[in-house]
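Chemist: Once you've had a glance at the structure underneath, I'll fire off some questions.
The numbers here are math on the coordinates, done by the rules we state, and not lab data. This one's a predicted model, so the numbers in the text were calculated from it and none came from an experiment. Cβ sites come from the backbone with ideal geometry, for glycine too, and all protein chains shown count toward neighbours.
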Amino acid sequence: MPRVQAPIGADTVEVRATIGTIAFKETQTTGVGIVREENDPENIKLRLPKGAEHTNRVGELVATKLLADRTLSSEKLTVELDSLHTVKDLTINVSENELRGYLGVPNEDLVRATVASLRYLRHEPVIVWKGDRSPNQRDEAASALADEGALQQDTVEINTEIANGWTLSGANLSCLTQATAYKLVRRHKSKGYAERRQTTVNLKRIEAMAQEKGEANLKATQIWGSIRSKDITRSIRNFLWLVIHDGYMVGDNWLKPGFNAEYQERSKCRQCGQGTETMTHIIEKCSASGQAQVWNLARELWGMRTNKPWPNATLEEIILSTRPTRREKPKGKMLDNAEGEARLLRILMTESAYLIWKIRCDAVIKHEGQQQATGIEIHNKWLKTINSRLELDSILTRPKYGKKALKKKVVLNTWRGTLRDEGNLPRDWTGRYGVLVGIEPRSKDGRRRGR
Ligand SMILES: [Zn+2]
């Protein structure tokens, strides 16, 4: 694996860690062993928690991230792994994965977070595939430790938080060589973290829009807090976070000095061919991304719930839809109806925006701008997205979630008026299977292809 060595000083300590894993899907058990030296007290055994995906890959990623997070600035880390796939996702695939917004990468959040942690290290880490060398005692020790880990009681917490903003530099530099990117990131790092210029611009825009809507002096910290709303799924939270940071490779980000003409060409919208493909263009303006159709569907469902006008779906409005509902009465109880409406708006805005982004990535990356989703596909994709979100709401009311369970009242209030055949549903439909919103899927107008 071609890697570039960072300068190593006399004070640099080389740390080599070998990872072993054992995973049983059936019993939801994964053990992980990390061996630095044989019989070293710093060797670690772990067991993945219930609810995790129990695969060797997840075990390897969790271990690598843990190692990276524990590596000191004086240490240079080498990690040895079994899975070539994991090794690639932490090395040569990084640029491509970032370019594609990690679309289709299994365990996306965990891979992204692990890459961020590795990137944060002062000395560039080395990731080694065990298959490139002959097996040794350390491998055996790691496997034995993994077996022990699988049997222990305590489980480790899987942390997919991005270590810090530095992953963004990587995203924006994704088409430079790793070596150059690392150098630049390190240069930035030595200057300390400063908020990126575009982040400030975006925050200012959101604040201005909030002011226009009657919420003066909205602070950046409040915005960051809002996009962590429990009403939106984790992938969408990440999406919004990267949108505010301008962290995706779109538009002007391709025009930075040092990018060749072929890359610079990517700044233009490859779907409609009109102008720079900024996130605003994709979500609000593109005539070919399907965004208009998606927003029409969202507006249609909104119209089934309320007479209130549908807000213009700008990026600022989308972000602001995540703000907690304001109380309408002084002190008194929040109006259930207002809260339900706000929550529906939050869900429609954020799910629709994220869907538009995913459709765009499919068209531009998977099909290289040659194949766009049809109207029927977009209609049905949106419907599937919203129906799945509705189902998720129902599932989250189940008593097994204990204190974390969603209140049934909240769910019923959110979707009131929007459901198919709602008059015939029981008052509490959350236990029902197959409750759908009242927009019908579209079939391929009767013309079926024989198979
Ligand atoms: Zn366009």
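Chemist: For LYS444, which aspartates and glutamates qualify as cross-link partners when the Cα separation must be under 14 Å and same-chain residues fewer than eight apart are set aside?
Modeler: GLU377
Chemist: Project the alpha carbons of the stretch 96-145 onto their principal axes and report the range along each, largest first, in whole Å.
Modeler: 38, 28, 21
Chemist: Please compute the volume of the convex hull spanned by the alpha-carbon atoms of the stretch 245-290 and report it per residue in Å³.
Modeler: Roughly 66 Å³ of hull volume per residue.
Chemist: Between LYS407 and CYS272, what's the calculated FRET efficiency when r is the beta-carbon distance and R0 is 41 Å? Round to 0.05.
Modeler: 0.40
Chemist: Sort LEU383, LEU392, LEU118 by Cβ crowding within 10 Å, fewest neighbours at the top.
Modeler: Fewest to most other Cβ atoms nearby, the residues stand as LEU392, LEU383, LEU118.
Chemist: Whole percent per 5 Å bin, from 0 to the bin with the longest distance: what is P(r) over all C-alpha pairs of the stretch 32-157?
Modeler: Histogram of Cα-Cα distances, whole percents per bin: 2, 10, 20, 23, 22, 15, 6, 1, 0.
Chemist: Also: Please compute the volume of the convex hull spanned by the alpha-carbon atoms of the stretch 200-335 and report it per residue in Å³.
Modeler: Taking the convex hull of the Cα positions in the stretch 200-335, it is 139 Å³ per residue.
Chemist: Please label the shape of the stretch 22-93 as rounded, prolate or oblate, based on the square roots a ≥ b ≥ c of the eigenvalues of the alpha-carbon gyration tensor (a/c under 1.5 means rounded; beyond that, a/b larger than b/c means prolate, else oblate).
Modeler: oblate
Chemist: Moving on to the next point. For a 32 Å ceiling on Cα separation, which of these pairs sit above it: LYS50/LYS130; LYS25/LYS403; LYS204/LYS384; LYS219/LYS381?
Modeler: Correct reply: LYS204/LYS384; LYS219/LYS381.
Chemist: Applying 1/(1 + (r/R0)^6) with R0 = 25 Å to the Cβ-Cβ distance of ASN296 and GLU377, what FRET efficiency is obtained, to the nearest 0.05?
Modeler: After rounding, the FRET efficiency stands at 0.95.
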